[in-house]
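Quick notes on the structure that follows.
The values are calculated or read from the model by the stated rules, or taken from the named source; none is laboratory data. Since we're looking at a predicted model, the values are computed, not measured. Every residue, glycine among them, receives a Cβ derived from its backbone with ideal geometry; neighbour counts consider all protein chains shown.
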């Protein structure tokens, strides 16, 4: 994700196509504009410092947790009259923010958190420079609103050749395994070719078992991961590859589909539905187009995006969620995502013929879309990088 100021690139708009569509040309029509949502301030008494994600713990106690970029996790009661948040964990001394895209990037609570008190963080290390760190922590024995900072167990460390394209999202899937996004290593254009290199974890989404340990590892490899036995040299943690820099992915609560927003290079931002063993094309492809002259892929090898949009409409995608809440039936089943720079919101709906309709649902808001979030009931929120949290609601007609 681009957290710094981005230069304006006057390129082309978006088209909404099915995952098996043919390649788009550069003269695509701009996105349809079909206003259907609004955002309203949630918890008006709360303010955060560069919030990057929010999630419940899954323990049924009505609290929400917000991670702040510099390394603080705050917790608060989800009731609307809430007036303050408390510090759940402060690891600022362990978190690097030297690069614009570094920081405390992801949090995920163990599916059995209520019983075991375990949660996981993905952060840029200040002590092991240019390294993405996945760690396990434990809640304090005496205070459910405090984590034990001394309980850290490092599961995985991934060196970054540069300070950008760090990925960041971690999330437990419906299968109970932990999924993790790592960017291609940084710079521009994937100069090391990591996206198509299965011997590195860079440019991938991983799938690991935090409940076991394989020999030489602090985690286990699920037996049905796609690259355990072939090809030779492939990292068995990899679930999918050919991804440039996924900034937020999520599982559809109803179908289990894994949706991801992958930040583009020069032309296209893209939305993907990620499947086991899938190759999403980077750096040979960007969106539906050829990118690298050094690499070519058989179209049959690549899983095409669900949708893309060009530089006239955005420059840094923020992946979202399929709405499965109960408050707003008109939003049911649609995938919502946005752009960090232009602050547009999009809505993708699946049609009866299996195609996907993609349209701008809200234009140029005041919300710098750092992340989307769900509460325990599946209601949808968006985190403003400036500090507030907003609720996504249907547009009043």
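Yes or no, residue by residue, for (1) surrounded by 17 or more Cβ atoms within 10 Å (Cβ to Cβ); (2) on the phi > 0 side of the Ramachandran plot; (3) touching a residue at least 12 places away in the same chain (Cβ under 8 Å):
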residue	(1), (2), (3)
43	yes, yes, yes
46	yes, no, yes
52	yes, no, yes
83	no, no, yes
97	yes, no, yes
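Do we find a residue being on the phi > 0 side of the Ramachandran plot, in contact with a strand residue (DSSP E or B) (Cβ under 6 Å, 6 or more places away or on another chain), assigned to a loop (DSSP other than H, G, I, E, B) and at pLDDT 95 or above anywhere in region 122-132?
Within region 122-132, not a single residue is on the phi > 0 side of the Ramachandran plot, in contact with a strand residue (DSSP E or B) (Cβ under 6 Å, 6 or more places away or on another chain), assigned to a loop (DSSP other than H, G, I, E, B) and at pLDDT 95 or above.
Is there any pair linking a residue in region 104-119 that is farther than 14 Å from residue 89 by Cα to one that is part of a helix (DSSP H, G or I), with Cβ under 9 Å and at least six apart or on different chains, and which?
110/116
Pick out the one residue from 319, 338, 354, 325 that is in contact with a strand residue (DSSP E or B) (Cβ under 8 Å, 6 or more places away or on another chain) and not in a strand (DSSP E or B). Reasoning before the result, please.
Numbers: 319 fails: not in a strand (DSSP E or B); 338 fails: not in a strand (DSSP E or B); 354 fails: in contact with a strand residue (DSSP E or B) (Cβ under 8 Å, 6 or more places away or on another chain).
From the options 319, 338, 354, 325, the qualifying one is 325.
Which of the residues that make up region 111-137 are crowded, with 16+ Cβ neighbours inside 10 Å and over 25 Å from residue 201 (Cβ atoms)?
113, 117, listed by residue number.
Okay, residues lined up against (1) in contact (Cβ under 8 Å) with a residue 60 or more places away in the chain; (2) within 24 Å of residue 341 (Cα to Cα); (3) touching a helix residue (DSSP H, G or I) at 6+ places or on another chain (Cβ under 7 Å):
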position	(1), (2), (3)
248	yes, yes, no
253	yes, no, no
256	yes, no, no
262	no, yes, no
265	yes, yes, no
286	no, yes, no
292	yes, no, no
295	yes, no, yes
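From the list 281, 277, 256, which one is in a loop (DSSP other than H, G, I, E, B) and surrounded by 22 or more Cβ atoms within 10 Å (Cβ to Cβ)?
The match here is 281.
Could you tell me which numbered condition residue 364 fails, if it satisfies all but one of (1) surrounded by fewer than 23 Cβ atoms within 10 Å (Cβ to Cβ); (2) touching a strand residue (DSSP E or B) at 6+ places or on another chain (Cβ under 7 Å); (3) within 14 Å of residue 39 (Cα to Cα)?
Among (1) surrounded by fewer than 23 Cβ atoms within 10 Å (Cβ to Cβ); (2) touching a strand residue (DSSP E or B) at 6+ places or on another chain (Cβ under 7 Å); (3) within 14 Å of residue 39 (Cα to Cα), the lone unmet condition for residue 364 is (2).
Residue by residue through region 142-162, note down the ones that are in contact with a strand residue (DSSP E or B) (Cβ under 8 Å, 6 or more places away or on another chain) and outside any strand (DSSP E or B).
145, 146, 160, listed by residue number.
Can you spot a residue in region 263-277 that is more than 22 Å from residue 204 (Cβ to Cβ) and under 16 Å from the mean Cα position of the chain (by Cα)?
No, region 263-277 has no match at all.
At positive phi and not in a strand (DSSP E or B) - does that describe any residue in region 31-40?
No, because not a single residue in region 31-40 is at positive phi and not in a strand (DSSP E or B).
One line per residue, one yes/no per condition, for (1) farther than 17 Å from residue 381 by Cα; (2) touching a strand residue (DSSP E or B) at 6+ places or on another chain (Cβ under 9 Å); (3) at pLDDT 50 or above:
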residue: 1; (1), (2), (3): yes, yes, yes
residue: 5; (1), (2), (3): yes, no, no
residue: 8; (1), (2), (3): yes, no, no
residue: 11; (1), (2), (3): yes, yes, no
residue: 15; (1), (2), (3): yes, yes, no
residue: 21; (1), (2), (3): yes, yes, no
residue: 28; (1), (2), (3): yes, yes, yes
residue: 39; (1), (2), (3): no, yes, yes
residue: 50; (1), (2), (3): no, yes, yes
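What number of residues within region 85-95 satisfy the criterion of being closer than 14 Å to residue 49 by Cβ and surrounded by fewer than 19 Cβ atoms within 10 Å (Cβ to Cβ)?
3
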